[in-house]
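Since the structure comes first, as structure tokens, the remarks are kept for the end.
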Amino acid sequence: MLKIAIIGVGTVGTSVIQILQDNKEIIAARAGCEIVPTIGVVSNLSKKRDVNIELTDNVDDVLNDDSIDMIVELMGGIEKPYEVVKKALAKGIPVVTANKALLAYHRYELQDLAGDTPFEYEASVAGGIPIVNALREGLSANHIESIKGIMNGTCNYMLTKMINDGVEYTEILKEAQELGYAEADPTFDVGGYDAAHKLLILASIAYGIDAKPEDILIEGIQNITSDDIDFAKEFNYTIKLLTIAKKVGNEIQLRVHPVFISKDEMIAKVDGVMNGVSVIGDKVGETMYYGPGAGGNATASAVIANIIDIARKGKGSPMLGFEKSLKQDLKLASPDSIETNYYIRLQIEDKPGVLAKIAAVLGDQHISIEKMLQKPAKNNSALLLLATHISKEKDIKAALLALENSSYVNAKPAMIRIEA
């Protein structure tokens with residue numbers, strides 16, 4: 001019998017306890033032993049919880065209990081759970097976590113601390129989708145060429161509604177908050193940070209890259225408008241908040257931002273609160289993973305899969321996928337090295353000759369226009385929506401700055417990358 005302690009008995013922790021109890025027979029059959037949730041650690045003992053195990057508000061009650069065989073960390077946050085997990089690993093107690101923020105900042109330190117002690121984290125990325133083990137084990141014979149993921153259900157729900165129902169950003173944000181998809185302060189989701197934490201975890205498994213959120217390009221969906229959506233529909237695009245890891249030579253691009261992407265792409269068909277991840281390996285080609293990215297039962301399913309795996313093996317898989325150091329000189333690419341097509345939204349003076357001036361500014365930066373859409377003028381301003389041929393990020397930035405400082409552009413230009 002394995003005795004499990006749950007540190008953090010919120011939505012996911014409650015589901016973990018309930019599933020371990022409700023499905024105990026099939027879980028025991030698959031694990032080879034009975035798995036029993038024994039104690040839960042909470043911050044507020046007076047709050048009613050739908051569980052029937054012992055609860056404590058003192059984590060030391062777990063860390064000092066030699067009868068506990070495994071700890072499931074579901075606290076949330078970064079530094080406090082880091083201290084708790086360090087203490088557990090120092091005692092040789094296996095740990096399972098769903099904490100993406102913890103791993104985004106401390107995954108390499110935890111790998112060193114864990115050593116041969118099992119440390120698993122499938123639920124930290126894309127909820128119920130087994131993408132961690134797919135990368136770490138199922139695709140382990142491949143060099144990973146790229147990862148493209150929709151890994152934040154809140155943003156995907158909002159963008160889907162904006163595109164399909166014509167709802168404005170502020171309106172759909174309020175609805176997402178009322179439905180519980182977005183927090184009162186939604187910045188972590190809509191700003192792209194949640195998705196970035198998940199991307200960093202996958203990038204370590206795929207490439208051995210040790211980067212922090214501050215090191216990579218992160219942009220959110222806050223500035224997307226109905227005009228951007230009109231352009232997308234006109235040219236057979238949809239708009240997604242995409243996490244991208246891409247190998248270009250010996251450099252790895254890591255970025256999270258909204259993209260225009262063809263409606264024909266597999267990843268473009270992932271709508272609503274669902275998550276999807278496309279992985280291209282040099283031998284297998286493209287594989288696609290789809291499912292619920294959040295929610296108590298979906299996330300708990302991934303947590304319990306890790307528990308079962310540890311129970312079977314007595315040890316975990318290599319935490320970040322490598323038994324030995326990866327002997328490749330891979331480094332993190334600068335965002336300025338991105339080369340792709342770009343969409344630009346410009347509010348301009350509705351006067352003769354302005355279009356020629358804009359074309360000249362773009363031409364000075366070696367940027368050519370591929371598609372263009374002009375919307376009717378309002379208050380002596382016209383809205384110009386255009387897409388470029390493949391251009392360099394640094395050239396686009398320089399052109400946008402020049403346009404912003406010109407006398408004939410009436411508002412700060414907006415840019416969205418177009419992902420082929």
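The values are calculated or read from the model by the stated rules, or taken from the named source; none is laboratory data. All of these numbers come straight from a predicted model, not from anything done at the bench. A quick note on method: Cβ atoms are made from the backbone with ideal geometry, for glycine too, and the neighbour counts reach across all protein chains shown. SASA here: full protein model, heavy atoms, side chains in, ligands and nucleic acids out. Shrake-Rupley method; radii C 1.70, N 1.55, O 1.52, S 1.80 Å.
So here's what we get for this one:
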quantity: Cα long-axis angle, helix 100-114 against the chain (0 to 90 degrees, to the nearest 10); calculated: 50 degrees
quantity: Charge dipole (debye, nearest 20) of the range 1-54; +1 at Cβ of Lys and Arg, -1 at Cβ of Asp and Glu; calculated: 160 debye
quantity: Cα centroid of the range 190-238 to Cα centroid of the range 46-102, whole Å; calculated: 31 Å
quantity: Area accessible to solvent at Leu346, 1.4 Å probe radius, in Å²; calculated: 0 Å²
quantity: Folded to 0 to 90 degrees: helix 393-404 orientation relative to the chain principal axis, Cα; calculated: 50 degrees
quantity: DSSP bridge pairs, the chain: antiparallel proportion in percent, nearest 5; calculated: 70 percent
quantity: Accessible area per residue in Å² at 1.4 Å probe, computed on the chain; calculated: 44 Å²
quantity: Farthest toward positive dipole pole in the range 271-388 [+1 Lys/Arg, -1 Asp/Glu at C-beta], among Thr340, Gln328, Ser381; calculated: Gln328
quantity: Tensor-based shape of the range 281-347 (alpha-carbon gyration tensor, a/c under 1.5 rounded, otherwise prolate or oblate); calculated: oblate
quantity: Highest to lowest packing among 273-279, 180-186, scored as the average C-beta count within 10 Å; calculated: 273-279, 180-186
quantity: Residue of Val354, Val16, Val303 that the Gaussian network model of the chain assigns the largest fluctuation, springs spanning Cα pairs under 10 Å; calculated: Val354
quantity: Ordering of 117-125, 210-218 by packing [mean C-beta count within 10 Å, highest first]; calculated: 117-125, 210-218
quantity: Carbon/sulfur fraction of accessible area - the range 1-118, other protein chains in place, 1.4 Å, %; calculated: 45 percent
quantity: Centre separation in Å (Cα based) which lies between the range 269-292 and the range 145-168; calculated: 14 Å
quantity: Pairs beyond 20 Å (Cα-Cα), from Lys148/Lys371; Lys100/Lys174; Lys148/Lys198; Lys47/Lys86; Lys233/Lys269; Lys100/Lys148; calculated: Lys148/Lys371; Lys100/Lys174; Lys47/Lys86
quantity: Electrostatic dipole magnitude of the chain [Cβ: Lys, Arg +1; Asp, Glu -1; Cα centre; debye, to 20]; calculated: 600 debye
quantity: Gyration tensor verdict on the range 288-397 (Cα atoms; rounded if a/c is under 1.5, prolate if a/b is larger than b/c, oblate otherwise); calculated: oblate
quantity: Cα gyration tensor category, rounded, prolate or oblate, for the range 172-256 with a/c compared to 1.5; calculated: oblate
